[in-house]
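What follows is a single structure, written as structure tokens, with notes after it.
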Amino acid sequence: MADNFNTELAELLYPQITILPCDMERRYPLRELPEGAKVTRLAPSPTGFIHLGNIYGALIDERLAHQSGGVVYLRIEDTDFKREVKGGTAMIIDMLGLYGIKFDEGATVTGDNGAYGPYRQSQRKEIYQTYAKQLVREGKAYPCFCSPGELGKIREEQASAKLTPGYYGEWAVWRDADINKIKAKLDQGEKFVLRLRSQGEEGKSSKFTDLVKGTIDVSDNFIDHVILKSDGIPDYHFAHAVDDHLMRTTHVVRDESWLPSLPFHIELFRALGFKMPKYIHTAQVLKLDDVTGMKRKLSKRKDPEFGLAYFYSSGYPVAVTTEYLMTLLNSNYEEWRAKNPDKLYTDFPFSVNKLSSSGCLFDFNKLNDIGRSVISRMTADEVYDSVTAWSGEYDKELHTALTADPDYARKIFALGRGGAKPRKDLAKWSDVKQYVSFFYDGMFAAEEQIDDKFEKSDIRAALEQFITVYDEADDQNAWFGKLKIIAEALGFAPEVKQYKQSPEQYKGHVGDIAMFLRVAVTGRLNSPDLYDVMHILGRQRVIERVKNYADTLV
């Protein structure tokens, strides 16, 4: 009798669905992959917003799949039309591509790539309804005609009684409704949602093994959640269970904020008769709150660094952000990188066992240190190409200066580059403008001054004497030799060690003479090698700046 009731109900609710789950199973067969190969997915909503957590998880997805000879695919979860942003899918795909996340199949800007699509949930309505109808046939799901007002009243009663909110027990008024009552509603054209008939018990729990959290206690789901909305579009939870099964997903990577949904997901897979994929609930990325000093989750509303676009607009090379995230993912990554400075991060043997089970603290100081190391290993051409591409969008003044004379700019970026200990001045491309500004007259400014302990007359005399002896053809030894002569003539030690032995006998040392020149030429107390800087600037500009600075010393 019950079977006849459920079969009749299924046909009443979804007469347009004529295929069966077995047809879907044939349409999406098991993948032919090597033993142990993993199938993972990234499944964002088309809001156009990609955040740090997305890339954090995507790196795990990509590494798990490709290290095992498996597949990683992109699925767009666009069943919540209110949140969808026009062009959001294209923005997500472009940003993921920018950060080097390459998918073997899935949604693309022009459509789908792969045999397990459609990869946009909005195009899979028939698939979801096929499985929903089967659940009705089996007595595992039922229609609910409650109005928003009726549901609101239920919540009020539960809140007043301090009970768990939800549709269950005595409040699940449509759970065992008579077929005639359901027909009457349908004849009146009333819309319904489809709810899963939960088999769980309040207060009961069971063990579940997560690949990061280990064995955890999971409470039973006892609420009859909605699985299909009134428009026939699935709820996220139901859609993901069906999709992960049919797309043959073996591992689901998501952050630990999804743990409260786990009881419902376990019941969904059980009700559908699917084998669950392995779950990897990753620790959330945290930061120290500027006000409280306490750790908290990165917030889309409060923290610009939560959005991935922030890192690109700030000028962090993709390699820097990726490199930093790898240090958060596996605790042994830094040790590996120190031993393998020239290898790609994809050569690193990533392991789920090394994932942190507690929050990962985002550290800008560490990010910048990694940025300096990564950029120091780039060639001058790589730096030039990257900076001009970035500045074309984010700093027009810098872009104009660099592209006006590319060879001149490349000479600047070549300073201190290469060798065992390259300079580490730049952490990100937004640092470049300040770094190169003294090379361009339009951006040049005196940023630092010479210590007042030196007499202005000595500084001026040193600069004026330099002008008379400067020869651009001198090699570095000859150039520095002239500075020693100037130093000695003005009562400064020609050797630093002489000054250290008898400081009372000298006004300073030859390094101070070089510092006078450095401030005059660059406006700074620190810069790349001054001899090389002068050669890039050219004799005319050097002499002009030295004269101008000397003239201020009156």
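Considering Cα pairs under 8 angstrom that are at least six residues apart, work out the relative contact order of the chain and quote it in whole percent. It rounds to 11 percent for the chain. Over 25 Å apart at the Cα level, from the set K297/K366; K162/K300; K424/K497; K339/K366, are K162/K300; K424/K497. When the alpha carbon gyration tensor of region 20-61 is reduced to an equivalent ellipsoid, its three semi-axes come out at 29, 18, 5 angstrom, largest first. Ranked by the mean number of other Cβ atoms within 10 Å of their residues, highest first, the peptides 227-235, 272-280, 199-207 come out as 227-235, 272-280, 199-207. In the context of the full protein assembly, W171 retains an accessible surface of approximately 30 Å², using a probe radius of 1.4 Å and ignoring ligands and nucleic acids. Local charge for D224 was computed over the other residues whose Cβ lies under 14 Å away, with Lys and Arg +1 and Asp and Glu -1, and equals -3. Sorting the segments 125-131, 218-224, 106-112 by their mean number of nearby beta carbons within 10 angstrom, highest to lowest, gives 125-131, 218-224, 106-112. The Cα center of region 29-97 and the Cα center of region 373-412 differ in position by 32 Å.
If you bin all the Cα-Cα distances of region 258-305 at 5 Å, starting from zero, the percentages per bin are 5, 16, 19, 13, 10, 11, 11, 9, 4, 2. In terms of its alpha-carbon gyration tensor, region 441-510 comes out oblate; a/c meets the 1.5 threshold, while b/c is at least as large as a/b. For region 198-266, the average shadow cast by the Cα convex hull is 5.4 nm², which is a quarter of the hull's surface. Candidates Y279, F264, V432 compared by Cα position along the dipole of the chain: farthest toward the positive end lies F264, with charges placed on Cβ. Scaled against the 2.2 N^0.38 Å expected of a compact globular protein of N residues, the Cα radius of gyration of region 142-245 reads 1.26. Counting only protein heavy atoms and using a 1.4 Å probe, the accessible area of E170 comes to about 150 Å².
Sort W390, W258 by heavy-atom solvent-accessible area, probe 1.4 angstrom, most to least.
From most exposed to least exposed: W258, W390.
Rounded to the nearest 10 degrees, the angle from helix 88-98 to the longest Cα principal axis of the chain is 50 degrees. When the convex hull of its Cα atoms is viewed from all sides, region 74-206 shows a mean projected area of 12.8 nm².
Over the chain, DSSP H runs of length four or greater, each weighted -39,500 (n - 2.57), average out per residue to a 222 nm ellipticity of -13500 deg cm²/dmol. Which residues in region 408-424 place their backbone N less than 11 Å from a point set 7 Å from the Cα of K343 along the Cα-to-Cβ direction? Within reach of a label on K343, which here means backbone N under 11 Å from a point 7 Å along Cα→Cβ, region 408-424 contributes nothing.
Once the convex hull of all Cα atoms in region 238-386 is built, its volume per residue stands at 162 Å³.
The alpha-carbon of K38 sits under 20 angstrom from the alpha-carbons of these aspartates and glutamates, leaving out residues fewer than 8 places away in its chain: E25, D61, E62, D104, E105, D210, D243, D244, D255, D347. Evaluated on region 413-554, the Kirkwood hydrodynamic radius is 16.0 Å, with distances taken between all distinct Cα atoms.
Mean shadow of the chain, computed from the convex hull of its alpha carbons, in nm²? Mean orientational projected area (the chain, Cα hull): 35.0 nm².
Measuring spread by the Cα atoms of region 374-466 yields a radius of gyration and Dmax of 16.3, 47 Å. Accessible area ranking (1.4 Å probe, heavy atoms, ligands and nucleic acids excluded), largest first, for R410, R83: R83, R410. Against the criterion of solvent-accessible heavy-atom surface with a 1.4 angstrom probe, H399, H251 sort, most first, into H399, H251.
Once all protein chains are placed together, S430 keeps about 50 Å² accessible to a 1.4 angstrom probe. On a 0 to 90 degree scale, rounded to 10, what angle separates helix 236-246 from the longest Cα axis of the chain? Between the helix axis and the principal axis of the chain, the angle is about 90 degrees.
The values are calculated or read from the model by the stated rules, or taken from the named source; none is laboratory data. Worth saying up front: this structure is predicted, and the values here are computed from it rather than measured. As a convention, Cβ positions derive from the backbone with ideal geometry for all residues, glycine included, and neighbour counts pool all protein chains shown. All accessible areas refer to the heavy atoms of the entire protein, side chains included, with ligands and DNA or RNA removed. Shrake-Rupley method; radii C 1.70, N 1.55, O 1.52, S 1.80 Å.
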